[in-house]
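Peer 1: Take this structure first; my questions come after.
The values are calculated or read from the model by the stated rules, or taken from the named source; none is laboratory data. Here the structure is a predicted model, which is why all the values come from computation and not from measurement. Backbone-built Cβ (ideal geometry, glycine too); neighbour counts: all protein chains shown. What goes into the accessible areas is simple: the full protein's heavy atoms, side chains included, and nothing from ligands, DNA or RNA. Shrake-Rupley method; radii C 1.70, N 1.55, O 1.52, S 1.80 Å.
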Amino acid sequence: MSARITPAQFHEQDGLDDWRVLFGGAHAHFRTGSFAAGVTLLDAIGELADAADHHPDVDLRYGGVTVRLISHDVGGLSDRDVRLARQISDAARELDIPADPTTVQVVQVAVDALVGPDVVPFWRAVLGYRDDGPEDLVDPLGRGPSFWFQQMDAPRPQRNRIHVDVSVPHDQAQARVAAALAAGGHLVSDAHAPQWWTLADAEGNEVDVATWQGRD
């Protein structure tokens with residue numbers, strides 16, 4: 001079993017310019033421009049993954065292929081992800097398929113809960129999700145956003161009890177925040193930036209724009 005590495009350690013490695021760490025996993029998007037080119041890249045990724053005995057999550061669409069790497073046995077990133085990420089990027093370059101790291105993101109719904117065990121079973125049942133640790137529910141098919149249940153210290157009736165978390169590349173976060181503010185939002189707090197900024201729309205509905213920076 002490989003040792004876990006931090007997002008900072010992942011980004012310090014050479015040959016990983018195509019990749020960005022979002023909520024614990026390393027993500028890359030490759031612009032294929034056609035379904036046939038995407039299938040060709042997918043075949044190459046499959047061969048590399050089988051050879052490494054380390055299998056990423058891959059999303060194939062007409063215009064591109066998105067890849068997520070994570071070592072589930074360590075609960076985060078490891079050297080195996082570094083090696084496979086480099087190999088996947090090399091394969092994409094050989095196929096003349098460019099990467100676009102500005103397009104990757106992960107969306108998570110955060111629910112403030114006074115007593116998590118009282119509400120988690122409801123959301124597990126209504127979504128058809130499964131547990132991923134004591135605070136998270138995830139789509140077993142990997143398609144929907146995860147739900148994170150945040151422990152509240154006291155009731156907060158003046159604030160929405162559900163908000164959205166959007167994890168974006170660390171080098172795109174400030175531009176995303178600026179765009180949201182220009183679109184009519186307002187800054188609730190930047191006390192935790194660059195780990196996350198809390199924004200709200202014109203009616204007070206909140207979203208956290210998050211990066212890996214400041215996390216282990």
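Peer 1: Divide the volume of the convex hull of the Cα atoms of segment 4-48 by its number of residues and quote the answer in cubic angstrom per residue. The partial results should precede the final answer.
Peer 2: Working: hull volume 4.5 nm³, N = 45.
Hull volume normalised by residue count: 100 Å³.
Peer 1: Please go through segment 135-216 and write out the trypsin sites (Lys or Arg not before Pro) that DSSP classes as loop and that have at most 11 other C-beta atoms within 10 Å.
Peer 2: Answer by residue number: Arg143.
Peer 1: I've got another one for you. Just the number please: accessible area per residue for the chain, 1.4 Å probe, all protein chains included, in Å².
Peer 2: Averaged over the residues of the chain, the accessible area is 54 Å².
Peer 1: Now for a different question. What's log10 of I(q)/I(0) for segment 158-216 at q = 0.24 Å⁻¹, Debye sum over Cα points only, no solvent?
Peer 2: So the normalised log intensities work out to -0.96.
Peer 1: What percent do you get for the relative contact order of the chain when only Cα pairs under 8 Å and 6+ apart count?
Peer 2: 20 percent
Peer 1: Here is a further query. Collect residues whose amide H, placed 1.01 Å from N in the peptide plane, falls under 5 Å from the amide H of His54; neighbours closer than 5 in sequence don't count.
Peer 2: none
Peer 1: In addition: Which three extents, in whole angstrom, do the alpha-carbon atoms of segment 53-159 cover along their principal axes, largest first?
Peer 2: 55, 29, 24
Peer 1: Are there any trypsin sites (Lys or Arg not before Pro) in segment 1-79 that are in a DSSP loop and have at most 13 other Cβ atoms within 10 Å? List them by number.
Peer 2: Those satisfying the criteria are Arg61.
Peer 1: Additional query: When the Karplus curve 6.51 cos²θ - 1.76 cosθ + 1.60 is applied with θ = phi - 60°, which whole-Hz ³J(HN,Hα) does each residue of segment 103-109 get, with x for Gly and Pro?
Peer 2: Karplus values, whole Hz, x for Gly and Pro: 9, 7, 6, 10, 9, 10, 9.
Peer 1: Using unit Cβ charges (K, R positive; D, E negative) and no other charged atoms, how large, in debye to the nearest 20, is the dipole of segment 1-113 about its Cα centre? Walk me through the intermediate numbers first.
Peer 2: Numbers: 9 positive and 18 negative charges, 44 e Å.
Result for segment 1-113 is approximately 220 debye, rounded to the nearest 20.
Peer 1: Near the amide H of Ser189, under 5 Å away, which other amide H atoms are found, from residues 5 or more places off or on another chain, if H is placed in the peptide plane?
Peer 2: Thr198
Peer 1: Treating segment 54-117 as a set of equal point scatterers at the Cα positions, no solvent, please give the Debye-formula log₁₀ I(q)/I(0) at q = 0.12, 0.15, 0.23, 0.24 Å⁻¹.
Peer 2: -0.44, -0.63, -1.12, -1.18
Peer 1: Tell me the Rg and the Dmax, in Å, that the Cα atoms of the chain produce.
Peer 2: 18.4, 56
Peer 1: Continuing with the same structure: If the only charges are +1 at each Lys and Arg Cβ and -1 at each Asp and Glu Cβ, what is the size of the charge dipole of the chain around the Cα centre, to the nearest 20 debye?
Peer 2: Here the size comes out at about 380 debye.
Peer 1: Going through segment 24-121, which chymotrypsin sites (Phe, Trp or Tyr not before Pro) have at most 11 other Cβ atoms within 10 Å and a DSSP loop state? Display every interim value, and only then the final one.
Peer 2: Values: sites: Phe30, Phe35, Tyr62; in loops: Tyr62.
Within segment 24-121, the qualifying chymotrypsin sites (Phe, Trp or Tyr not before Pro) (loop, at most 11 other Cβ atoms within 10 Å) are Tyr62.
Peer 1: 5 Å is the cut-off here: which amide hydrogens, built 1.01 Å from N in the peptide plane, fall below it relative to Leu114, excluding neighbours closer than 5 in sequence?
Peer 2: Correct list: Met152.
Peer 1: Still on this model: Two-decimal Rg/Rh of segment 1-81 from alpha-carbon positions, Kirkwood Rh?
Peer 2: Looking at segment 1-81, the ratio lands at 0.98.
Peer 1: If you don't mind, there's one more thing I want to ask. For the chain, which longest stretch is free of loop sites, where a loop site is one of the GluC sites (Glu not before Pro) that DSSP puts outside H, G, I, E and B and that has at most 11 other Cβ atoms within 10 Å?
Peer 2: In short, 13-202.
Peer 1: Which whole DSSP H helices in the chain pass both tests: a Cα extent of 15 Å or more along the axis and a mean Kyte-Doolittle value no lower than 0.5?
Peer 2: Span-like helices here: 35-52, 116-127.
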